[in-house]
1. In segment 36-72, what residues are more than 22 Å from T10 (Cα to Cα), open to solvent by 100 Å² or more (accessible area, probe 1.4 Å) and either in a helix (DSSP H, G or I) or basic (K, R) (or both)?
2. Condition first: in a helix (DSSP H, G or I) and touching a helix residue (DSSP H, G or I) at 6+ places or on another chain (Cβ under 9 Å). Now tell me which residues in segment 14-32 satisfy that.
3. Among the residues of segment 32-47, is there at least one that is touching a residue at least 40 places away in the same chain (Cβ under 8 Å) and hydrophobic (A, V, I, L, M, F, W, C)?
4. Looking at segment 4-27, I want the residues that are open to solvent by 70 Å² or more (accessible area, probe 1.4 Å) and have a partner that is of a type in the set (G, A, S) and outside any helix (DSSP H, G or I) with Cβ atoms under 6 Å, at least 6 apart or on another chain. Which pairs are those?
Amino acid sequence: MDFNFKKYHTRSINAHSAEERAIINQELKDYYASLTKEEQFGFNIQLQTFLAREVGRLKSDYEAIKGGMGES
């Protein structure tokens, strides 16, 4: 099972309201609840990997922007 976290992440970023974001989050919660314990374990591993990759990317982008502004 490969879950497309980026799709939900992008939808959440582009949500027009807090209510729309809450609906997206509820979709994820409902999906997670429908999984078996083994699938939930795999989902959690994939989520942790996705989050670590995204945080690393954001940190890299931030450092590149910060460096480009002449700050140390």
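1. K37, E38, F41
2. E20, R21, I24, N25, E27, L28, Y31, Y32
3. yes
4. R21/A15
The values are calculated or read from the model by the stated rules, or taken from the named source; none is laboratory data. From a predicted model like this one, the values you see are computed outputs, not experimental measurements. Glycine gets a Cβ as well: all are built from the backbone with ideal geometry, and neighbour counts include every protein chain shown. Heavy atoms of the whole protein, side chains included, go into the accessibility calculation; ligands, DNA and RNA do not. Shrake-Rupley method; radii C 1.70, N 1.55, O 1.52, S 1.80 Å.
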